[in-house]
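Undergrad: Pasting a structure here, questions to come.
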Amino acid sequence: MDPGYEMLFETTIRCFLGDKAYHIAGQAHSAKSRKDWYRKAIKKVIQRVSEIETSTAHKEQLCYWSERALSSLNERPFNETVFTLCLLRLVASLIGYYGLRPYNIATPAYFQTPPQHYTEIIASGGDVMQDYYDKKSSLETKRRLILQLKEEGMTDFEISLVFNVSEYEVKKLRKML
(Lines give C-alpha, C1' and ligand atoms only; values in the text may rest on other atoms or scores of the structure.)
Protein backbone atom coordinates (compact mmCIF):
# COMPACT_ATOMS: atom_id res chain seq x y z
CA MET A 1 0.00 0.00 0.00
CA ASP A 2 1.28 3.45 -0.85
CA PRO A 3 2.49 5.70 1.97
CA GLY A 4 -0.01 8.24 3.22
CA TYR A 5 -3.03 5.93 3.13
CA GLU A 6 -2.68 4.57 6.63
CA MET A 7 -5.44 6.71 8.13
CA LEU A 8 -7.72 6.09 5.15
CA PHE A 9 -7.23 2.36 5.75
CA GLU A 10 -8.01 2.69 9.46
CA THR A 11 -11.04 4.95 9.08
CA THR A 12 -12.47 2.79 6.31
CA ILE A 13 -12.24 -0.38 8.39
CA ARG A 14 -13.59 1.47 11.42
CA CYS A 15 -16.73 2.32 9.40
CA PHE A 16 -17.53 -1.39 9.61
CA LEU A 17 -15.93 -2.49 12.88
CA GLY A 18 -15.87 0.62 15.07
CA ASP A 19 -13.33 0.74 17.89
CA LYS A 20 -12.23 -2.85 17.22
CA ALA A 21 -10.15 -1.33 14.42
CA TYR A 22 -8.77 1.53 16.51
CA HIS A 23 -5.03 2.17 15.97
CA ILE A 24 -4.61 -0.16 12.99
CA ALA A 25 -3.13 2.47 10.66
CA GLY A 26 0.32 0.98 11.09
CA GLN A 27 -0.92 -2.36 9.77
CA ALA A 28 -1.78 -0.85 6.38
CA HIS A 29 1.60 -1.82 4.93
CA SER A 30 1.27 -5.53 5.75
CA ALA A 31 -0.66 -7.48 3.10
CA LYS A 32 -1.50 -10.19 5.65
CA SER A 33 -2.92 -7.67 8.14
CA ARG A 34 -4.87 -5.87 5.42
CA LYS A 35 -6.39 -9.17 4.30
CA ASP A 36 -7.44 -9.99 7.86
CA TRP A 37 -9.11 -6.61 8.32
CA TYR A 38 -10.72 -6.76 4.86
CA ARG A 39 -12.10 -10.19 5.72
CA LYS A 40 -13.74 -8.88 8.91
CA ALA A 41 -15.24 -5.90 7.08
CA ILE A 42 -16.54 -8.01 4.18
CA LYS A 43 -18.23 -10.39 6.62
CA LYS A 44 -20.14 -7.38 7.99
CA VAL A 45 -21.05 -6.40 4.42
CA ILE A 46 -22.37 -9.91 3.72
CA GLN A 47 -24.53 -9.72 6.86
CA ARG A 48 -26.03 -6.39 5.77
CA VAL A 49 -26.52 -7.52 2.16
CA SER A 50 -28.58 -10.46 3.40
CA GLU A 51 -30.96 -7.96 5.08
CA ILE A 52 -31.63 -5.93 1.92
CA GLU A 53 -35.16 -6.30 0.60
CA THR A 54 -35.00 -6.48 -3.19
CA SER A 55 -35.80 -8.73 -6.15
CA THR A 56 -34.35 -12.23 -6.31
CA ALA A 57 -32.08 -11.40 -9.28
CA HIS A 58 -30.75 -8.29 -7.55
CA LYS A 59 -30.21 -10.14 -4.27
CA GLU A 60 -28.29 -12.87 -6.12
CA GLN A 61 -25.99 -10.24 -7.66
CA LEU A 62 -25.38 -8.59 -4.28
CA CYS A 63 -24.66 -11.92 -2.58
CA TYR A 64 -22.46 -13.13 -5.42
CA TRP A 65 -20.17 -10.08 -5.51
CA SER A 66 -19.89 -9.72 -1.73
CA GLU A 67 -19.06 -13.43 -1.37
CA ARG A 68 -16.71 -13.23 -4.38
CA ALA A 69 -14.85 -10.37 -2.67
CA LEU A 70 -14.51 -12.52 0.46
CA SER A 71 -13.26 -15.53 -1.50
CA SER A 72 -10.71 -13.36 -3.35
CA LEU A 73 -9.04 -12.81 0.02
CA ASN A 74 -8.22 -16.53 0.17
CA GLU A 75 -6.47 -16.64 -3.20
CA ARG A 76 -2.71 -17.11 -3.21
CA PRO A 77 -1.02 -14.88 -3.94
CA PHE A 78 -3.41 -12.23 -2.70
CA ASN A 79 -4.42 -10.06 -5.64
CA GLU A 80 -5.66 -6.74 -4.31
CA THR A 81 -6.73 -5.72 -7.82
CA VAL A 82 -9.20 -8.63 -8.05
CA PHE A 83 -10.49 -7.76 -4.58
CA THR A 84 -10.94 -4.12 -5.59
CA LEU A 85 -12.78 -5.07 -8.79
CA CYS A 86 -15.13 -7.37 -6.86
CA LEU A 87 -15.90 -4.49 -4.51
CA LEU A 88 -16.51 -2.19 -7.47
CA ARG A 89 -18.94 -4.74 -8.96
CA LEU A 90 -20.65 -4.91 -5.56
CA VAL A 91 -21.01 -1.12 -5.58
CA ALA A 92 -22.48 -1.33 -9.10
CA SER A 93 -25.00 -3.89 -7.87
CA LEU A 94 -25.84 -1.81 -4.81
CA ILE A 95 -26.72 1.20 -6.93
CA GLY A 96 -28.84 -0.93 -9.22
CA TYR A 97 -26.68 -1.85 -12.23
CA TYR A 98 -27.12 -5.41 -13.48
CA GLY A 99 -25.08 -7.54 -15.83
CA LEU A 100 -22.50 -6.43 -18.36
CA ARG A 101 -24.52 -3.55 -19.75
CA PRO A 102 -25.57 -0.77 -17.43
CA TYR A 103 -29.14 -2.04 -17.06
CA ASN A 104 -30.58 -0.26 -14.08
CA ILE A 105 -32.79 -2.84 -12.34
CA ALA A 106 -33.10 -1.21 -8.92
CA THR A 107 -33.13 2.20 -7.32
CA PRO A 108 -31.64 2.52 -3.85
CA ALA A 109 -33.99 4.03 -1.28
CA TYR A 110 -32.73 4.94 2.17
CA PHE A 111 -34.78 5.62 5.27
CA GLN A 112 -34.17 5.80 8.97
CA THR A 113 -35.94 3.83 11.62
CA PRO A 114 -36.71 5.81 14.79
CA PRO A 115 -33.79 4.19 16.69
CA GLN A 116 -31.42 5.11 13.83
CA HIS A 117 -32.72 8.68 13.88
CA TYR A 118 -32.00 9.02 17.60
CA THR A 119 -28.60 7.35 17.23
CA GLU A 120 -27.73 9.99 14.61
CA ILE A 121 -28.84 12.79 16.96
CA ILE A 122 -26.76 11.40 19.85
CA ALA A 123 -23.72 10.76 17.59
CA SER A 124 -23.79 14.37 16.41
CA GLY A 125 -23.78 15.64 20.01
CA GLY A 126 -27.54 16.04 20.42
CA ASP A 127 -29.66 15.49 23.50
CA VAL A 128 -29.92 11.86 24.62
CA MET A 129 -33.47 12.62 25.80
CA GLN A 130 -34.61 13.62 22.29
CA ASP A 131 -36.81 10.53 21.90
CA TYR A 132 -38.68 11.50 25.08
CA TYR A 133 -39.24 15.06 23.87
CA ASP A 134 -40.38 13.86 20.44
CA LYS A 135 -42.78 11.33 21.93
CA LYS A 136 -44.20 13.93 24.27
CA SER A 137 -44.58 16.37 21.37
CA SER A 138 -46.19 13.76 19.13
CA LEU A 139 -48.66 12.78 21.85
CA GLU A 140 -49.61 16.44 22.29
CA THR A 141 -50.16 16.74 18.54
CA LYS A 142 -52.22 13.54 18.48
CA ARG A 143 -54.31 14.81 21.41
CA ARG A 144 -54.90 18.16 19.69
CA LEU A 145 -56.06 16.39 16.51
CA ILE A 146 -58.35 14.06 18.50
CA LEU A 147 -59.95 17.04 20.23
CA GLN A 148 -60.36 18.79 16.87
CA LEU A 149 -62.03 15.74 15.33
CA LYS A 150 -64.26 15.40 18.40
CA GLU A 151 -65.35 19.05 17.99
CA GLU A 152 -66.21 18.27 14.36
CA GLY A 153 -68.66 15.64 15.61
CA MET A 154 -66.75 12.38 15.19
CA THR A 155 -67.23 9.61 17.74
CA ASP A 156 -64.34 8.01 19.61
CA PHE A 157 -64.79 4.91 17.46
CA GLU A 158 -64.50 6.90 14.20
CA ILE A 159 -61.43 8.69 15.54
CA SER A 160 -59.88 5.34 16.48
CA LEU A 161 -60.29 4.23 12.86
CA VAL A 162 -58.54 7.38 11.63
CA PHE A 163 -55.55 6.91 13.95
CA ASN A 164 -55.55 3.10 13.73
CA VAL A 165 -55.60 2.76 17.51
CA SER A 166 -58.14 1.35 19.93
CA GLU A 167 -61.16 3.35 21.04
CA TYR A 168 -59.76 3.07 24.58
CA GLU A 169 -56.51 4.75 23.43
CA VAL A 170 -58.52 7.63 21.92
CA LYS A 171 -60.39 8.10 25.21
CA LYS A 172 -57.11 8.04 27.16
CA LEU A 173 -55.55 10.66 24.90
CA ARG A 174 -58.66 12.84 24.91
CA LYS A 175 -58.79 12.86 28.69
CA MET A 176 -54.96 12.88 28.95
CA LEU A 177 -54.81 9.88 31.31
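The values are calculated or read from the model by the stated rules, or taken from the named source; none is laboratory data. Treat the numbers as computed from the prediction; the structure is a model and nothing was measured. Note: ideal-geometry Cβ built from the backbone for every residue, glycine included; neighbour counts use all protein chains shown. Accessible surface is based on the protein model in full, side chains and every heavy atom, while ligands, DNA and RNA are left aside. Shrake-Rupley method; radii C 1.70, N 1.55, O 1.52, S 1.80 Å.
Undergrad: On the given criteria, is ARG101 at pLDDT 85 or above and either open to solvent by 100 Å² or more (accessible area, probe 1.4 Å) or under 22 Å from the mean Cα position of the chain (by Cα) (or both)? Spell out how you get there, then give the answer.
TA: Details: at pLDDT 85 or above: no; either open to solvent by 100 Å² or more (accessible area, probe 1.4 Å) or under 22 Å from the mean Cα position of the chain (by Cα) (or both): yes.
When the stated conditions are applied, ARG101 does not pass them.
Undergrad: Considering only residues that are surrounded by 11 or more Cβ atoms within 10 Å (Cβ to Cβ) and either touching a strand residue (DSSP E or B) at 6+ places or on another chain (Cβ under 9 Å) or modelled with pLDDT of 90 or more (or both), look in segment 104-130 and name the one that is farthest from ILE52 (Cα to Cα).
TA: Taking the candidates together, the pick is ILE105.
Undergrad: What is the one condition in (1) open to solvent by 60 Å² or more (accessible area, probe 1.4 Å); (2) in contact (Cβ under 8 Å) with a residue 12 or more places away in the chain; (3) closer than 22 Å to GLN116 by Cβ that LYS136 does not satisfy?
TA: (2)
Undergrad: Restricting to segment 148-167, give me the number of residues that are surrounded by fewer than 14 Cβ atoms within 10 Å (Cβ to Cβ) and hydrophobic (A, V, I, L, M, F, W, C).
TA: Residues meeting the conditions: 3.
Undergrad: Spot the failing condition for LEU173; the list is (1) free of Cβ contacts under 8 Å to residues at least 24 places away in the same chain; (2) open to solvent by less than 60 Å² (accessible area, probe 1.4 Å), and only one is missed.
TA: (1)
Undergrad: Now for a separate question. At least 2 residues that are in contact (Cβ under 8 Å) with a residue 40 or more places away in the chain in each: list the helices (runs of 4 or more DSSP H) lying fully within segment 1-105 that qualify. Break it down into steps so the answer makes sense when it comes.
TA: Numbers: elements: 6-17, 31-50, 56-72, 80-94.
Once the helices (runs of 4 or more DSSP H) in segment 1-105 are filtered for at least 2 residues that are in contact (Cβ under 8 Å) with a residue 40 or more places away in the chain, what remains is 31-50, 56-72, 80-94.
Undergrad: Taking GLU120 and the conditions (1) in contact (Cβ under 8 Å) with a residue 12 or more places away in the chain; (2) under 22 Å from the mean Cα position of the chain (by Cα), which numbered condition does it fall short on, given that it satisfies the others?
TA: The failed condition is (1).
Undergrad: Here is a check on your reading of the model: is PRO108 under 16 Å from GLN61 (Cα atoms), without any contact (Cβ under 8 Å) to a residue 24 or more places away in the chain and outside any helix (DSSP H, G or I)?
TA: When the stated conditions are applied, PRO108 passes them.
Undergrad: Have a look at SER71, SER30, SER66 and point out the one that is out of contact with any helix residue (DSSP H, G or I) (no Cβ under 7 Å at 6 or more places or on another chain), modelled with pLDDT of 95 or more and open to solvent by less than 70 Å² (accessible area, probe 1.4 Å).
TA: When all the criteria are applied, what remains is SER71.
Undergrad: Report yes if some residue within segment 14-27 is loosely packed, with under 13 Cβ neighbours inside 10 Å, touching a Phe, Trp or Tyr at 6+ places or on another chain (Cβ under 9 Å) and not small (Gly, Ala, Ser); otherwise report no. Don't jump to the end; show me each part of the working.
TA: Filtering segment 14-27 down to residues loosely packed, with under 13 Cβ neighbours inside 10 Å leaves 15, 18-20, 22-23, 26.
Keeping just the survivors that are touching a Phe, Trp or Tyr at 6+ places or on another chain (Cβ under 9 Å) gives none.
No; the residues of segment 14-27 include none that is loosely packed, with under 13 Cβ neighbours inside 10 Å, touching a Phe, Trp or Tyr at 6+ places or on another chain (Cβ under 9 Å) and not small (Gly, Ala, Ser).
Undergrad: Which members of segment 74-88 meet the condition of being surrounded by 17 or more Cβ atoms within 10 Å (Cβ to Cβ) and either in contact with a Lys or Arg (Cβ under 7 Å, 6 or more places away or on another chain) or not hydrophobic (A, V, I, L, M, F, W, C) (or both)?
TA: The one that is surrounded by 17 or more Cβ atoms within 10 Å (Cβ to Cβ) and either in contact with a Lys or Arg (Cβ under 7 Å, 6 or more places away or on another chain) or not hydrophobic (A, V, I, L, M, F, W, C) (or both): CYS86.
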